[in-house]
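All remarks here apply to the structure that follows.
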Amino acid sequence: MSQQIALRTDDLAVTYTGNRNVEALKGVDVEFPENRLTAIIGPSGCGKSTLLKSLNRLHDIQSNVDVSGDVLLEGRSIYDTDEPAPEIRRRIGYVPQTPTPLPLSIYENVAYGVKIHGDYESKSDLDDLVESYLRKVNLWEEVRDRLETPAAELSTGQIQRLCLARSLAVEPDVLLCDEVTSALDPISAERVEETLESLKTEYTIVMVTHSMDQARRLADEVVFLYLGELVESNDTRSFFENPQRERTRSFVRGHTIAETDGDETNENDAEAESEPADEPVPAER
Amino acid sequence: MEESIESGDADRRSDRLGRRLLVERLSSYWLRGAGYFAIGLFCLIVLTLVHRSLPLLAEYSLVQMLTSANWDPSQNQFGFLPAIVGTIYVAALSMLMGTPIAILVAIYIAEYAEGRLKVIVSSFIDVLAAIPSVIFGLVALLVVVPFVGNYLAPAVGASATGLGIFTVSLVMAIVVTPFMISLSVESLEALPDELRESSLGVGATKLETIRSVLLRAAGPGIFSAVLLGFGRVFGATIVPAMLIGGQTQMPDSLFATGQTLPTLIVSDFGELMSIPITQSALIFVGLMLVVVVWFFNFGAMLVQRRLRRRWQY
């Protein structure tokens, strides 16, 4: 159990200010162990995406967000630091929920971050980098003959893997994935899951997911948020088989029933559960 | 008894259905008619212009008219070149001055300005866009013309009264820039936040994100904003008429007075429309304007569609 901690939060609170104040996260302490895949689960609007985005200061680009508390990468604060935000975001990569190709060729999408940071010696060096990261996400064979075509021409599943390659190419320490399979058809989702599976021994991955099944299949650790508060975090096996808190028990049970009910309703649930990008509304009625 | 009530209900319902379907069908005719009306109007205008241009084209060589610098309707000299050159100068110069500023301001409003400041800046841009262009002409007569005539032109060694191509271009740039800004802001703000997050998420700075990702993704929209601005400058009438000096000659410098195609029509149509061949010449100028502007809009649409299909934003 003595696992190195790559990333942890310290009393992290996020409030959306605006017409009305919404406390999306209320003082969360959570640890993300190194070279493990941690899944963040919880009902819609519980602050999953908010937590994820505050882990690499993506809230900086919005004006109506207050972040307090701290996030520590390898023991050092990413908020109270001289290190510029772009460098922090290079070390803590982020893949958004919607497959988002940059308006560039397939090649340039992977090379984008590498070129910005100047982390290559020559053109052939860059070519090798691009190839190796495309291989890493199992995309190389599918695109090797059309590297110069616009990335937008790929299927959404391929684009999502391309996004993973783009993020990995700048050699982050941590990779944040926001429901990366929720916009995909089942087969593409499976490919992306396989990719994550193969990456998780090498990278610290934090993944938001709405699917209990996915968490169970992929994750080493599970973090359960409810209404902006941490309910429980544990390794996947203990979390599902021996939940410590009543709320976790009912959430796990509720979802298990829903998920054995039939796959089609589950698909719809997935749609309904995707979070609004900037102002999560507490789900409680 | 009950049955007859029920059948009465059914009759009423089917009557009603019949009427509803009739209204439905008629309204589709109406609406289609309204749509075709727009097309018909355009065709009518073009046909009129063509028809009324024919007398001129029958009598004089088109190539000769387009390349001759001699415009003197009273002597039956119809050289369009000075007005064509003037129009191109004005359009090119105002776009050169207006486009970079428009794009910079649009980037500021869409990506940098926050909160109240953003609201204030963008509402001022909208107010500017709503000012009738004749007001710009008036203010320019009081401010820009003396400035150009007394300071700017002498500073670069040109003698000028202040009226002329440069002044018109400057003022037209000011007139169309707010439009280009509004349209460009719209296309930047329409981009999904995921695009920004994807770029920032690999460690790009804000400026790098804007330069290599956002401007490219919003490119089709910004491009069409610029072309629409171009079309407006091309067809602008009142500002050039007030400020260009109204002399139909080949401009020998940027500060020279001159003529554009619209001002050629405006300055001559009062007295000379009574002479049939001159009338025909001015109408031909109008035809050229319509064709060129139409080409630009059409080209803009094609390029925009191509770019959009390529990047899918």
Can you tell me which residue is farthest from the chain's Cα centre (by Cα) among those in the stretch B:284-310 that are closer than 28 Å to B:A58 by Cα and open to solvent by 80 Å² or more (accessible area, probe 1.4 Å)? B:F295
Among (1) open to solvent by 10 Å² or more (accessible area, probe 1.4 Å); (2) within 14 Å of another protein chain (Cβ to nearest Cβ); (3) more than 14 Å from the chain's Cα centre (by Cα) - the single one A:I88 does not satisfy: (1)
If B:G203 satisfies every condition in (1) open to solvent by less than 30 Å² (accessible area, probe 1.4 Å); (2) away from chain A (no Cβ under 13 Å) but one, which is the exception? (2)
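Matching residues to (1) more than 10 Å from chain A (Cβ to nearest Cβ); (2) within 26 Å of B:R309 (Cβ to Cβ):
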residue	(1), (2)
B:V185	yes, yes
B:A190	yes, yes
B:E197	no, yes
B:E208	no, yes
B:S212	no, yes
B:A217	no, yes
B:R232	yes, no
B:V239	yes, no
B:G245	yes, no
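How about the stretch A:52-61: which of its residues are at the interface with another protein chain (Cβ under 10 Å from one of its Cβ atoms) and either surrounded by fewer than 16 Cβ atoms within 10 Å (Cβ to Cβ) or over 17 Å from B:L195 (Cβ atoms) (or both)?
If the condition is that a residue be at the interface with another protein chain (Cβ under 10 Å from one of its Cβ atoms) and either surrounded by fewer than 16 Cβ atoms within 10 Å (Cβ to Cβ) or over 17 Å from B:L195 (Cβ atoms) (or both), then A:R57 is the only one that fits.
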Please work out if B:A204 is more than 28 Å from B:S94 (Cβ to Cβ) and assigned by TED's automatic domain parsing to the domain that holds B:A102. yes
So, A:L72, is that one of a type outside the set (F, W, Y) and farther than 30 Å from B:E189 by Cα or not? yes
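Go through the residues of the stretch B:260-267 one by one and say whether even a single one is in a helix (DSSP H, G or I), out of contact with any strand residue (DSSP E or B) (no Cβ under 8 Å at 6 or more places or on another chain) and within 14 Å of chain A (Cβ to nearest Cβ).
Scanning the stretch B:260-267, I find no residue that is in a helix (DSSP H, G or I), out of contact with any strand residue (DSSP E or B) (no Cβ under 8 Å at 6 or more places or on another chain) and within 14 Å of chain A (Cβ to nearest Cβ), so the answer is no.
For A:L52, indicate whether it is touching a strand residue (DSSP E or B) at 6+ places or on another chain (Cβ under 8 Å), among the aliphatic types (A, V, I, L, M), modelled with pLDDT of 90 or more and part of a helix (DSSP H, G or I).
Working: touching a strand residue (DSSP E or B) at 6+ places or on another chain (Cβ under 8 Å): yes; among the aliphatic types (A, V, I, L, M): yes; modelled with pLDDT of 90 or more: yes; part of a helix (DSSP H, G or I): yes.
Here the answer is yes, as A:L52 does meet what is asked.
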Considering only residues that are in a loop (DSSP other than H, G, I, E, B) and either in contact with a strand residue (DSSP E or B) (Cβ under 9 Å, 6 or more places away or on another chain) or not β-branched (V, I, T) (or both), look in the stretch A:99-118 and name the one that is farthest from the other protein chains (Cβ to nearest Cβ). A:G118
Please go through the stretch B:153-189 and give me each residue that is open to solvent by less than 60 Å² (accessible area, probe 1.4 Å) and aromatic (F, W, Y), ordered by number. B:F166
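Residues checked against (1) open to solvent by less than 40 Å² (accessible area, probe 1.4 Å); (2) in contact (Cβ under 8 Å) with a residue 24 or more places away in the chain; (3) at positive phi:
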position	(1), (2), (3)
A:D70	yes, yes, no
A:P84	no, no, no
A:Q97	yes, yes, no
A:T100	yes, yes, no
A:L129	yes, yes, no
A:S132	no, no, no
A:N138	no, yes, yes
A:E141	no, no, no
When residues of the stretch B:287-310 are limited to those that are in contact with a helix residue (DSSP H, G or I) (Cβ under 6 Å, 6 or more places away or on another chain) and not polar (S, T, N, Q), the one farthest from the other protein chains (Cβ to nearest Cβ): B:L287
Kindly establish whether B:I244 is open to solvent by less than 70 Å² (accessible area, probe 1.4 Å), farther than 23 Å from B:I165 by Cβ and in contact (Cβ under 8 Å) with a residue 40 or more places away in the chain. no
Can you find a residue in the stretch A:220-227 that is open to solvent by 10 Å² or more (accessible area, probe 1.4 Å), part of a helix (DSSP H, G or I) and away from chain B (no Cβ under 14 Å)? no
Sort out which residues of the stretch B:75-111 are without any contact (Cβ under 8 Å) to a residue 12 or more places away in the chain and more than 25 Å from B:F296 (Cβ to Cβ), and write them in order of number. B:Q75, B:Q77
Residue hits (the stretch A:185-219; basic (K, R) and outside any loop (DSSP other than H, G, I, E, B)) are A:R191, A:R216, A:R217
Among the residues of the stretch A:1-42, which ones are within 23 Å of A:S198 (Cα to Cα) and among the acidic types (D, E)? A:E31, A:E34
May I ask you to list the residues in the stretch B:96-136 that are open to solvent by 30 Å² or more (accessible area, probe 1.4 Å), farther than 21 Å from B:V239 by Cβ and not in a helix (DSSP H, G or I)? B:E114
Can you tell me which residue in the stretch A:102-126 is nearest to B:I210 (Cα to Cα), limited to those that are crowded, with 21+ Cβ neighbours inside 10 Å and of a type in the set (G, A, S)? A:G113
Condition met for B:R305 (more than 30 Å from B:A155 (Cβ to Cβ), assigned to a helix (DSSP H, G or I) and at pLDDT below 85): no
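The values are calculated or read from the model by the stated rules, or taken from the named source; none is laboratory data. Keep in mind it's a predicted model, so treat the numbers as computed, not measured. FYI the Cβ positions are ideal-geometry reconstructions off the backbone, even for glycines, and counts take in every protein chain you see. Side chains are part of the model used for accessible areas, which takes the heavy atoms of the whole protein and leaves out ligands, DNA and RNA. Shrake-Rupley method; radii C 1.70, N 1.55, O 1.52, S 1.80 Å.
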